[in-house]
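One structure is given below, encoded as structure tokens.
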Amino acid sequence: MSQGSNSSALRHFNECVVISTLRKQGSATKPELAKLVGLTLPALTRIIDDLEVRELLQSTGRKTQGVGQPSNIYQINPESLYSIGVHFDREIINFMLANFAGKPLALSSIEYSNIDPISTVDIIYKETQKLFAKLTSSQAKKFVGIGIAMPWFLGSWAEMDEETSRQWMAFDLATALEEKLPHKIFYENNCTAAAAAELHFGKTIGANNILYIYIGKFVGGGLILNGDLERGVFSNAASLATMPVPPSSLYNNVDSQDFTTLVDRASIGSLIKYLNSYNIKINNIAQLTNIIDDNRLLVHEWMLDCAESLVYAIYSSISLLDLEKVIIDSDLPRHLLTELIDIVKRKLDKNKQVNLFLPEIQQGSLGTNAKVIGGAILPLYTHFAPDKTIILKGGIPHRDKFANN
């Protein structure tokens, strides 16, 4: 976790540390906060008093601590700021209106297939305007922007038809959105945004070095080092999808290739492909509940294969990085994710390496809302995140930009 400093030159940074610590703790007194963030009590008191005047924090009661007068208890004021989060992926766009505490005030979603860029911009404009209209006039004055969690390299998806792919490749999404929307816009890779959401709103207390894995239609991840979100040079750290792993053993006609990639074994897309190979008609994870009772063995076979590939990915990661936790979240139903994580734990225990420290494997706490919450916090924490992470505003990285590096 980031630590504060008594230097006046780092006053804003110290404010961010206090806000982040309060968010994770829920509430605390000034003496408790001073100890947690490493500031003297007088320095901490000045920061708390200023944040309270600006209505970013609020006092919620008093607490007796030993002798002397009871101390005020402080928490984040959830009604001090508002934002909208947008997450779009291959099949759905999710929207969330949130307050400063990250609480969803309104949710909506639009499903689609093979969507073109112009339609995407129109949908985002219409849905965000609907959510913004839910704010009162006083709340609207506290609105700080729209955060968009999205996959990079749009247009390279295999399931896109050639014409739609061509349109995406030639389209400047950031410019189009900024010309259309009347609010500040912040961008982040979808799984990195989900990792940020888990860091700020999940159950990561006690761990500062975490690999975050999200199993959706594809698989992706995020990296937290020393309590800070590590985005990487191109905002693509821990993308994971292309990490090499041994080929799957699910199919009899296994290719002669020496390796495959994690996305081919540890994604909902790979589960759907496996079920389809047995003529089970399923196109998305929402349909799984309709067929799972009659096909539980096939789902379990995929889970075993998926878990094995995750073990390879985890070992590869901890060979390079010392990690305290690996957090796994997913679009899978929660009971299946719990079962999958249990399998991963057993496989790791069975194949312990004497020269490595195994991290704790933990289930993510935000589930299918992780990415859209991650989008919502981009505007909120651009100015209030102590990790000094620069949230990408006004641009989306493109592979071609770095092709000659």
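The values are calculated or read from the model by the stated rules, or taken from the named source; none is laboratory data. Keep in mind that this is a model prediction, so the values were computed, not measured. Here the Cβ positions follow ideal geometry from the backbone for every residue, glycine too, while neighbour counts run over all protein chains shown.
Observations, loosely collected:
- Among the residues examined, Asn94 does not qualify as part of a strand (DSSP E or B) and not assigned by TED's automatic domain parsing to the domain that holds Glu162.
- Members of the range 184-197 found to be touching a residue at least 60 places away in the same chain (Cβ under 8 Å) and either in contact with a strand residue (DSSP E or B) (Cβ under 6 Å, 6 or more places away or on another chain) or among the polar types (S, T, N, Q) (or both), listed by number: Lys184, Ile185, Phe186, Tyr187, Glu188, Asn190, Cys191, Thr192, Ala193, Ala194, Ala195, Ala196
- In the range 293-326, residue nearest to Glu91 (Cα to Cα) [restricted to those that are without any contact (Cβ under 8 Å) to a residue 24 or more places away in the chain and of a type in the set (A, V, I, L, M, F, W, C)]: Leu297
- Verdict on Phe186 being of a type outside the set (Asp, Glu), assigned by TED's automatic domain parsing to the domain that holds Ile124 and either buried (at least 24 other Cβ atoms within 10 Å of the Cβ) or part of a helix (DSSP H, G or I) (or both): yes
- Selection of the range 49-64 for residues being of a type outside the set (D, E, K, R) and touching a strand residue (DSSP E or B) at 6+ places or on another chain (Cβ under 6 Å) yields Leu51, Leu57, Ser59, Thr60, Gly61.
- The range 77-91: number of residues that are surrounded by 18 or more Cβ atoms within 10 Å (Cβ to Cβ) and free of Cβ contacts under 8 Å to residues at least 60 places away in the same chain: 1
Residues are listed down the side, and each one gets a yes or a no for (1) buried (at least 18 other Cβ atoms within 10 Å of the Cβ); (2) modelled with pLDDT under 90:
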residue	(1), (2)
Ser113	no, yes
Tyr125	no, no
Ala140	no, no
Gly147	yes, no
Ala176	no, no
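- Just one residue in the set Leu39, Leu51, Leu44 is surrounded by 20 or more Cβ atoms within 10 Å (Cβ to Cβ), on the phi < 0 side of the Ramachandran plot, part of a loop (DSSP other than H, G, I, E, B) and not assigned by TED's automatic domain parsing to the domain that holds Ala101; that residue is Leu39.
- Residues satisfying the stated conditions in the range 154-171, i.e. crowded, with 16+ Cβ neighbours inside 10 Å and in contact (Cβ under 8 Å) with a residue 60 or more places away in the chain: Trp157
- Counting residues in the range 349-368 that are charged (D, E, K, R), modelled with pLDDT of 95 or more and under 30 Å from Asp293 (Cα atoms) gives zero.
- Hey, Ile377 of a type in the set (A, V, I, L, M, F, W, C), farther than 24 Å from Leu323 by Cα and either at pLDDT below 95 or in a helix (DSSP H, G or I) (or both) or not: yes
- Number of the condition not met by Ser267 [criteria: (1) within 17 Å of the chain's Cα centre (by Cα); (2) touching a residue at least 40 places away in the same chain (Cβ under 8 Å); (3) under 30 Å from Thr382 (Cα atoms)]: (3)
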